[in-house]
Amino acid sequence: MDDPLEQEVRELTDLLRHADSFEGLRGALAERGVIASETILAGLIESEDESRFGVLLVATGECILFEANQADSFTRWERVDDIASLKDRFRAVSVGRSLQRLGRIP
């Protein structure tokens with residue numbers, strides 16, 4: 001895999017779906033009716049206080065900008081229609097969207 005952005009999306013998505021440290025986030029997603037195993041994590045910034053800020057591509061095709069506190073409770077959940085508006089903070093979002101459309105991340 002030559003594309004570092006594709007590698008980033010694949011690694012983040014794998015963490016979301018399988019890492020113990022993301023168990024709380026998976027639970028918070030389930031509470032919103034989002035199935036983690038069908039969701040792509042296309043960007044993530046983790047703060048020193050253990051809060052998370054990132055972008056999800058859910059199975060319905062929606063792009064969600066989220067913030068979660070250290071207890072993995074969402075403090076922000078915002079649908080983003082223009083993913084280009086995220087490119088400055090989350091460069092891999094468009095790659096994640098392409099992978100999602102092509103079915104290259106199961």
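As an exercise: evaluate D14 against (1) in a helix (DSSP H, G or I); (2) at positive phi and give the number of the one condition it does not meet.
That leaves (2) as the condition not met.
Let's see how each residue does on (1) more than 22 Å from H18 (Cβ to Cβ); (2) part of a loop (DSSP other than H, G, I, E, B); (3) in contact (Cβ under 8 Å) with a residue 24 or more places away in the chain; (4) out of contact with any Lys or Arg (no Cβ under 9 Å at 6 or more places or on another chain):
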site: L41; (1), (2), (3), (4): no, no, yes, no
site: I45; (1), (2), (3), (4): no, no, yes, no
site: E50; (1), (2), (3), (4): no, yes, no, yes
site: V55; (1), (2), (3), (4): no, no, yes, no
site: L65; (1), (2), (3), (4): yes, no, no, no
site: E78; (1), (2), (3), (4): yes, no, no, yes
site: R89; (1), (2), (3), (4): yes, yes, yes, yes
site: V95; (1), (2), (3), (4): no, no, yes, yes
site: R101; (1), (2), (3), (4): yes, no, no, yes
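Cβ-Cβ under 9 Å, sequence separation 6+ or interchain: first residue in region 3-24 and in contact (Cβ under 8 Å) with a residue 60 or more places away in the chain and farther than 9 Å from A92 by Cα, partner buried (at least 18 other Cβ atoms within 10 Å of the Cβ) and among the hydroxyl-bearing types (S, T, Y). Which pairs?
T13/T39
So, G61, is that one on the phi > 0 side of the Ramachandran plot and free of Cβ contacts under 8 Å to residues at least 60 places away in the same chain or not?
yes
Restricting region 24-39 to residues that are among the hydrophobic types (A, V, I, L, M, F, W, C) and in a loop (DSSP other than H, G, I, E, B), which is surrounded by the fewest Cβ atoms within 10 Å (Cβ to Cβ)?
Out of the qualifying residues, it is I35.
No value in this document is a laboratory result; all are computed from the given coordinates. Predicted model only: the values in this text are computed from it and were never measured. Heads up, the Cβs are rebuilt from the backbone with ideal geometry, glycines too, and the neighbour counts pull from every protein chain shown.
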